[in-house]
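Worksheet: one structure, shown below.
The values are calculated or read from the model by the stated rules, or taken from the named source; none is laboratory data. Everything numeric here is computed off the predicted structure, so don't read it as measured data. Note that we place each Cβ from the backbone using ideal geometry, even for glycine, and neighbour counts take in every protein chain shown. The protein model used for the area step is the full one, side chains on, heavy atoms only, and it has no ligands, DNA or RNA in it. Shrake-Rupley method; radii C 1.70, N 1.55, O 1.52, S 1.80 Å.
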Amino acid sequence: MATQLLMAKSPAEAAGSKTASAAFIAGGTEVNRLGSEVPAQAETLISLKKCSGLGQIEKVEKGIKIGSMCTFQQIVESEIVPDYLKEAALFMASRTKRNMATIGGNIAALRSDSYLLPTLFAVCARVEVLTPDGKQDDICVNSYKEASEAGKDMLITAVIVPDNVKVVSKRYSNTAQSHAVLTMSAAALEKGFTLAGAIKNCGIYRFKGFEEMVRENPDISEEEAIAFFKGADSLKISEDMFGSEAYKRYLLGVTAYDFCRKLAGKEV
Amino acid sequence: MDKQYKVVHCTINGKKVERIVDVRASLTDMLRNDFRLTSVKKGCEVGECGACTVIIDGEGFNSCIYLAVWAEGKEIWTLEGLIGPGGELSDIQQAFIDEGAIQCGFCTPGFIMTSWEIVNSGKEYTDDELRKALSGHLCRCTGYENIFRAVKKTMLRHLGKFEEAEKVNSQGITEYPEPMPFK
C-alpha cells in the first residue's frame, strides 16, 4: 500500500524515481478515486503536479504538442488544439473533473472506457516519453500502449496530434457521467481511413481489418459493417452489466458504418 | 514502511493556515477533520457527484480526489467562506433558498461553489452552457430545474440584467413578451 509520496520537481527526477513499486500520479482522478488499485499496489506515488515543463500547448511542425500535465479543461479552452480533441475531452462531462484530469494521465491509465485514447489512436498521435535511464523517445500512441502493457516504465512528457484532419467520434453511455460502454473515433488521414474504439471491460483497439475493408471498398453497406464486427474473432468481447456481446458487436458495426458515411460527407 | 507526513501552508476562506497532513489524505479529509469545514461533503469519493467541490485558485475542484499536499500555497474557498461577517448569506445562497433549490441539501454546498464560480466569472452563459457547467454535480432529489433557475437568475443579476432575471420562468426559460405583429 502506498505510504510515500514524492513530489517530483522535474520530468527527469520523476522518470528516474520510477521503480516497479512506484506509480505516477498526475491529475489524481484515476489514482485518488475510491477503489483505485494503484495506491493499493504501489509503495510510492510520484506526483507530477510540481513538475516543470509539462503544461504547455504549442504548435510544432508535426501538429500540436500538448504537455502531458495539461488538463482536459486547458485542452477545451485552448485556441490551437483541434476541435476533434476538444470534443473527446468534453466527453468528460464534469467541469470540476476536467480541471483535474490530464491528457498524460488519461493515456497512461489505459482505461477500457478511456475518453481520449480512441481519438488519439485514430489520428495516430505521437507520444513523447522519458525512460528511467533518461532516454527520450517519440513513439506512436499504439506502441506506448503495447510497451506499457508489457511492463516498460515510461513517463509521458507530451502528446503530439495532427491539426488538419477530419475526425468523427461517438461515446455511448447511459448518462453524461456514466462509464461508456463504447467510445469510438474514425479519421480520414493521408494514408486513408482509420478506426479505433474503447470497449468497456474489453480494451482499446485499432480496427485494422475494418480499415483495410473500407480502403478496398469505400462504399460498404451497413450489413457488411455489422457482419464484420459480428465475426471479428480477434476482438475478445465479454458480456457484462453494460450489455451483451452481441449488443456491443452491433454497436461497433453500426457506428463504424456511420463514421464511414460521415467522413465521406454523406448523410447518416 | 512508515507513514509520511508533510506540512501544508495555504489560505482557506481568506485565512492563512498550516497543517501537518498524511501525504495520502485528501483535501476533503483535511478540510473536514482539521478545520471542521463540514460543508465539504463526502459523497462518492470518486469525483463524480460534485458534493465535495471547493474553489482552488478560482476554479472548482473535486476535493475528494485532490491530495491535501497539493494545496500547498493555494487559495481555497468553501461554502463557509461565502457567509458575510454578520452571518448574512451571499446572493447565490439566498437564491437557492428563494427558488426552492434545496431538498435534502447534501449536494447543495458543491452546487453553490460551482455556481459561485459561474456567477463571478462575468460571463453570460447560455442555458445550454449553464447546464453543462453544472453537469459535474448530481442531485439525487432531482431538483435540477430549481437549481438551474437559481443560478441563472443570480448570473443575470450579477450582469446587471435585473429585469431579465425576473422573467426567468419556472422551467428556467427567460420569457419575453410576444413581438408586436406588423399591421
Can you tell me which residues in the range A:34-55 are open to solvent by 20 Å² or more (accessible area, probe 1.4 Å), in contact with an Asp or Glu (Cβ under 8 Å, 6 or more places away or on another chain) and within 11 Å of chain B (Cβ to nearest Cβ)?
-> A:L34
For B:K167, work out the one condition from (1) over 25 Å from A:A89 (Cα atoms); (2) open to solvent by less than 20 Å² (accessible area, probe 1.4 Å) it doesn't fulfil.
-> (2)
Is there any pair with a first residue in the range B:136-149 that is touching a residue at least 40 places away in the same chain (Cβ under 8 Å) and within 12 Å of chain A (Cβ to nearest Cβ) and a second that is open to solvent by 30 Å² or more (accessible area, probe 1.4 Å) and among the hydrophobic types (A, V, I, L, M, F, W, C) whose Cβ atoms are under 9 Å apart and which are 6 or more apart or on different chains, and what are they?
-> B:L138/B:C44
Qualifying residue in the range A:65-73 (condition: touching a residue at least 60 places away in the same chain (Cβ under 8 Å), closer than 22 Å to A:A93 by Cβ and within 14 Å of another protein chain (Cβ to nearest Cβ)) | no
Filter result for the condition that a residue is touching a residue at least 40 places away in the same chain (Cβ under 8 Å) and closer than 29 Å to A:F259 by Cα, over A:V123, A:V76, A:V127, A:V141 = A:V123
Going by the structure shown, is A:E58 surrounded by fewer than 16 Cβ atoms within 10 Å (Cβ to Cβ), at pLDDT 95 or above, over 16 Å from A:V129 (Cβ atoms) and among the charged types (D, E, K, R)?
-> yes
Taking B:K74 and the conditions (1) over 23 Å from A:A93 (Cα atoms); (2) at the interface with chain A (Cβ under 10 Å from one of its Cβ atoms); (3) basic (K, R), which numbered condition does it fall short on, given that it satisfies the others?
-> (2)
Considering residues of the range A:1-33 that are under 22 Å from the mean Cα position of the chain (by Cα), open to solvent by 20 Å² or more (accessible area, probe 1.4 Å) and within 13 Å of chain B (Cβ to nearest Cβ) only, the residue farthest from B:C52 (Cα to Cα) | A:E30
For B:G81, are the conditions met, namely being modelled with pLDDT of 95 or more and either open to solvent by 30 Å² or more (accessible area, probe 1.4 Å) or not hydrophobic (A, V, I, L, M, F, W, C) (or both)?
-> yes
Scanning the range A:93-108 residue by residue, those at the interface with another protein chain (Cβ under 9 Å from one of its Cβ atoms) and either more than 15 Å from A:S169 (Cβ to Cβ) or open to solvent by less than 10 Å² (accessible area, probe 1.4 Å) (or both) turn out to be A:S94, A:R95, A:T96, A:K97, A:R98, A:N99, A:M100, A:A101
Any idea which of (1) in contact (Cβ under 8 Å) with a residue 40 or more places away in the chain; (2) among the polar types (S, T, N, Q); (3) out of contact with any Cys (no Cβ under 7 Å at 6 or more places or on another chain) is the one A:Q41 doesn't satisfy?
-> (1)
Those residues of the range A:170-203 which are open to solvent by 50 Å² or more (accessible area, probe 1.4 Å) and either among the hydrophobic types (A, V, I, L, M, F, W, C) or within 14 Å of another protein chain (Cβ to nearest Cβ) (or both), in sequence order | A:N174, A:T175, A:A176, A:H179
Any pair with Cβ under 6 angstrom, 6 or more apart, that starts in the range B:53-78 at a residue that is over 16 Å from A:I25 (Cβ atoms) and open to solvent by 20 Å² or more (accessible area, probe 1.4 Å) and ends at one that is basic (K, R) and assigned to a loop (DSSP other than H, G, I, E, B) = B:D57/B:K74
Can you tell me how many residues in the range B:15-51 are at the interface with another protein chain (Cβ under 9 Å from one of its Cβ atoms), farther than 23 Å from A:L45 by Cα and of a type in the set (A, V, I, L, M, F, W, C)?
-> 1
Matching entry among A:I226, A:I139 (being open to solvent by less than 50 Å² (accessible area, probe 1.4 Å) and part of a strand (DSSP E or B)) | A:I139
Where residues in the range A:181-199 are at pLDDT 95 or above and either of a type in the set (D, E, K, R) or closer than 21 Å to A:G27 by Cβ (or both), which of them is farthest from the chain's Cα centre (by Cα)?
-> A:T183
Mind checking which residues of the range A:233-254 are in contact with a Phe, Trp or Tyr (Cβ under 8 Å, 6 or more places away or on another chain) and under 13 Å from A:G197 (Cα atoms)?
-> A:L235, A:K248, A:R249, A:L251, A:L252, A:G253
Considering the range A:250-268 alone, what residues qualify as being without any contact (Cβ under 8 Å) to a residue 40 or more places away in the chain and surrounded by 20 or more Cβ atoms within 10 Å (Cβ to Cβ)?
-> A:G253, A:Y257
